[in-house]
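A short write-up of the structure that comes next.
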Amino acid sequence: MDVTPSELGPDDRDLDDGGLDLTPRADGTAARSRATGRRWGAVAVLVLLGGVAVFIFVQARGATLYYKNADEAVAQKAQLGSSTFRLQGVVVGDPKEGDGDQPTTFTVAYKGVAVKVVHTGTEPALFKAGLPVVVEGHWNTAGTAFDSSRLLVKHTEDYKKADKDGEYEKEHPDRVKQADETAKKPSS
């Protein structure tokens, strides 16, 4: 039984003889909907990436808050102006705790330079005279005091049980000795 190629139908390999028709369809709606879907997908990805970038920028902005020692802050008072920064020093004298809404006032010193601090907010339990602290805030409008809204107490990593009289410092007088000596040195 001999069958001729014309009896089998058009030859797909031979387009001239009416084989496979590869011309695009006239309506093109399927192609358009796929292209539109791809565009919206790309826009959604770009919006999501933009949102992530904004979130990272906002979070990183708070991480750039730097601190100055008391002597540096006084020397750079004009450049710092009312910008927020952290001030480091050792508490000199007894802090004067405010009543009710009144702020707590105290003085911090570093390398012989003292700064008056007006603190509104809570104080840590360890806060007292002679301890190194970092206060966050800015110079007041007159430039005469440092207005603080956050107070951090620096302490050693040695956690020891207090003696029976609660006089740990008498038993360990060198606990903040190095910080005191650094605070009393004149700036060069």
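Would you check which residues across the stretch 76-101 are in contact (Cβ under 8 Å) with a residue 12 or more places away in the chain and of a type in the set (A, V, I, L, M, F, W, C) and list them? Of everything in the stretch 76-101, those that are in contact (Cβ under 8 Å) with a residue 12 or more places away in the chain and of a type in the set (A, V, I, L, M, F, W, C) turn out to be LEU80, PHE85, LEU87, VAL90, VAL91, VAL92. For the stretch 63-88, the set of residues classified as at pLDDT 85 or above and part of a helix (DSSP H, G or I) consists of ALA70, ASP71, GLU72, ALA73, VAL74, ALA75, LYS77, ALA78, GLN79, LEU80, listed by residue number.
State yes or no: is PHE57 of a type outside the set (A, V, I, L, M) and in contact with a helix residue (DSSP H, G or I) (Cβ under 9 Å, 6 or more places away or on another chain)? When the stated conditions are applied, PHE57 does not pass them. Looking across the stretch 66-84, just one residue is out of contact with any helix residue (DSSP H, G or I) (no Cβ under 9 Å at 6 or more places or on another chain), among the hydrophobic types (A, V, I, L, M, F, W, C) and surrounded by 18 or more Cβ atoms within 10 Å (Cβ to Cβ), and that is VAL74. Within the stretch 117-149, if we keep just the residues that are among the small types (Gly, Ala, Ser) and touching an Asp or Glu at 6+ places or on another chain (Cβ under 7 Å), the residue that is nearest to ALA78 (Cα to Cα) turns out to be GLY137.
Quick grid of which residues meet (1) more than 30 Å from VAL134 (Cβ to Cβ); (2) hydroxyl-bearing (Ser, Thr, Tyr); (3) at pLDDT 90 or above; (4) not in a loop (DSSP other than H, G, I, E, B):
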position: GLU7; (1), (2), (3), (4): yes, no, no, yes
position: ASP21; (1), (2), (3), (4): yes, no, no, no
position: GLY37; (1), (2), (3), (4): yes, no, no, yes
position: LEU46; (1), (2), (3), (4): yes, no, yes, yes
position: VAL58; (1), (2), (3), (4): no, no, no, yes
position: ARG61; (1), (2), (3), (4): no, no, no, yes
position: VAL90; (1), (2), (3), (4): no, no, yes, yes
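Does ASP174 meet the test of being modelled with pLDDT under 65 and loosely packed, with under 13 Cβ neighbours inside 10 Å? Yes.
The values are calculated or read from the model by the stated rules, or taken from the named source; none is laboratory data. Here the structure is a predicted model, which is why all the values come from computation and not from measurement. Note: ideal-geometry Cβ built from the backbone for every residue, glycine included; neighbour counts use all protein chains shown.
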